[in-house]
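Only one structure is covered here, and it is reproduced in the block below.
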């Protein structure tokens, strides 16, 4: 009888503990990023530190290798959320598509690319590119348009004073430069610093430091997806904000350490160098909220590049509801 009571008590204890032992089922989503770069450090921190899991999400990360391909993946349903320059959303909206993509969170606020030369140029001036050849990126993409904006700000007209090659795919620009094409190339990290370490390229200027603040990379999803899955969008935005705060509140050494899983081919020293470089140019948003004036500046850059006729309304392109709630 006594043994039976012990067994009964033990069984009751197990039953009471079981609910707490059950793991919360994670909602699986696919995130398509424009490229894989240390420039997006808060995103990888959110992944490595488990912030998405804390919010009930399991994120599968895929590389779209270009904003146009990321948007195609989102519109076709191959990806739930896209991550690239918000210019992709502006293009789609202006095309008149009914179920267009809407930005709900911003990650970076400056161009993350660097101008890389073949030789060291410690006293570089933008006048030095006059009469030269720059591998500039895909025509209509924010990196290429921002480069043109910076050139014009320095009284250098693309196509007249300097040749800007827009025919090479984003993922192939570094390889093209290494093969001997061009005098300069714009590259993201860690590729730019890797070339510099190997002596095959030398960083001479920061495009982001020259261009000023613009909403450079942001998260978006189809309007219908956001309407059907507001809890997923909120959870995702919450995790991104946690990543942004973590990066802001930790040292370059700590951030670099946390990025090792995302960039296993890069050592601690290189990661620290790149993190310090992006922090010094104030590349990361402190919150996921996008400013209306920043989007307007981006559209000015697009118009200046001849890629935009009509300004898209901020309230159509951006939904700050989730970002503002995450911050609160």
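Read the figures in this text as sums done on the coordinates, not as results from a lab. No experiment lies behind these values; they were computed from the predicted model shown. Please note: Cβ atoms are built from the backbone with ideal geometry, for glycine as well, and neighbour counts cover all protein chains shown.
Worth pointing out:
- Here is the tail figure for the range 114-211: Cα pairs spaced more than 22 Å apart come to 18 percent of all pairs.
- The alpha carbon convex hull volume per residue for the chain rounds to 159 Å³.
- Under the criterion of Cα pairs below 8 Å and six or more residues apart, the relative contact order for the chain equals 27 percent.
- Here the residues 62, 150, 70, ranked from fewest to most Cβ neighbours within 10 Å of their Cβ, fall in the order 62, 150, 70.
- DSSP bridge pairs, the range 114-211: antiparallel proportion in percent, nearest 5: 55 percent
- Percent of C-alpha pairs per 5 Å bin in the range 240-328, short distances first: 2, 12, 16, 16, 14, 13, 14, 10, 3, 0.
- Orientation-averaged projected area, Cα convex hull of the range 22-99 (nm²): 5.9 nm²
- Using alpha-carbon coordinates, inclination of helix 230-248 to the longest axis of the chain, degrees: 70 degrees
- Relative contact order (percent, whole number), the range 216-328, Cα cutoff 8 Å, 6+ residue spacing: 34 percent
- Relative exposure of 280, 95, judged by other C-beta atoms within 10 Å (fewest first): 95, 280
- Principal-axis tilt of helix 2-21 within the chain, Cα atoms, nearest 10 degrees: 20 degrees
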